[in-house]
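Below: the structure, in structure tokens.
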Amino acid sequence: AMGGRLIEAPLAGDPTSIGVLTRGRWQSATVPGEPTTIRTQAGDLTILATRPPPSRGQEGVQAAREAQLNRAAVRAGDQDGPDVVLGHFGVAPWDGAMQQFQNYGNVTRVRCGGLLGNTVSQGFGLIGVAHDHAYVRDVKVTHCRLGQPLPGSRHRAIYLYLSPQEPGSSH
């Protein structure tokens, strides 16, 4: 068990929505089609969580996927103050969609878990891919690590350890 208190349950019938567990004083809100927004009570850090649908080349799904990625990127770029974007993006970090996401959101990808940073195990856990990503802006990542595979999933949690950005430095 991950521990913590559930402050937001996934929306019924929305496979792109997520649940939010917290151990601190956080507030969370989800509007359908938008990334989940999680803020500290003080408002000094915003976390956006997104889980766009996988496209698999289907036209309508691809449009929905791109719309959700774009909304998450725009939301990240519009935030005042430090922000973190976490999500199951379903593609490798070098995919063009992720490059565009970084540009639109004005965020930097956090490379976690070694050279490849695999978050999804495949092939009996011997090989993997990085489909879950973390991006940051105006916050310092002191370190990060990947957790064990989540219960009932081949995905691994990404744990970020953050501290305030030093004044005058970027990213």
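The values are calculated or read from the model by the stated rules, or taken from the named source; none is laboratory data. Fair warning: this is a prediction, and the values are worked out from it, not measured in the lab. For neighbour counting, all protein chains shown are included, and Cβ atoms are generated from backbone atoms with ideal geometry for every residue, glycine included. Note: accessible area is taken over every heavy atom of the protein model, side chains too, but ligands, DNA and RNA are not part of it. Shrake-Rupley method; radii C 1.70, N 1.55, O 1.52, S 1.80 Å.
Here are the numbers for this structure:
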item: Condition met for Arg23 (at positive phi and open to solvent by 60 Å² or more (accessible area, probe 1.4 Å)); result: no
item: Residue list for region 119-169, restricted to those being open to solvent by less than 40 Å² (accessible area, probe 1.4 Å), touching a His at 6+ places or on another chain (Cβ under 8 Å), at pLDDT below 80 and not in a loop (DSSP other than H, G, I, E, B); result: Val120
item: Single residue of region 35-90 satisfying the filter (modelled with pLDDT of 85 or more, hydroxyl-bearing (Ser, Thr, Tyr) and farther than 20 Å from Leu11 by Cα) that is surrounded by the fewest Cβ atoms within 10 Å (Cβ to Cβ); result: Thr40
item: Residues of region 9-46 satisfying the condition of being polar (S, T, N, Q) and part of a loop (DSSP other than H, G, I, E, B); result: Thr16, Ser17, Thr30, Gln41
item: Residue tally, condition more than 17 Å from the chain's Cα centre (by Cα) and open to solvent by less than 60 Å² (accessible area, probe 1.4 Å), over region 1-10; result: 3
item: Of all residues in region 8-34 being modelled with pLDDT of 85 or more and not charged (D, E, K, R), the one that is farthest from Lys140 (Cα to Cα); result: Ala29
item: Residue in region 10-27 that is of a type in the set (A, V, I, L, M) and within 19 Å of Ser163 (Cβ to Cβ) present; result: no
item: Count of region 75-105 residues which are closer than 16 Å to Gln62 by Cα, touching a residue at least 12 places away in the same chain (Cβ under 8 Å) and not in a loop (DSSP other than H, G, I, E, B); result: 5
item: Filter pass, Trp94 being surrounded by fewer than 19 Cβ atoms within 10 Å (Cβ to Cβ), under 25 Å from Arg154 (Cα atoms) and aromatic (Phe, Trp, Tyr); result: yes
item: Among the residues listed as Ala72, Ala49, the single one being touching a helix residue (DSSP H, G or I) at 6+ places or on another chain (Cβ under 9 Å), aliphatic (A, V, I, L, M) and not in a strand (DSSP E or B); result: Ala72
item: Residue count, region 14-61 (criterion: more than 14 Å from the chain's Cα centre (by Cα) and under 15 Å from Phe101 (Cβ atoms)); result: 1
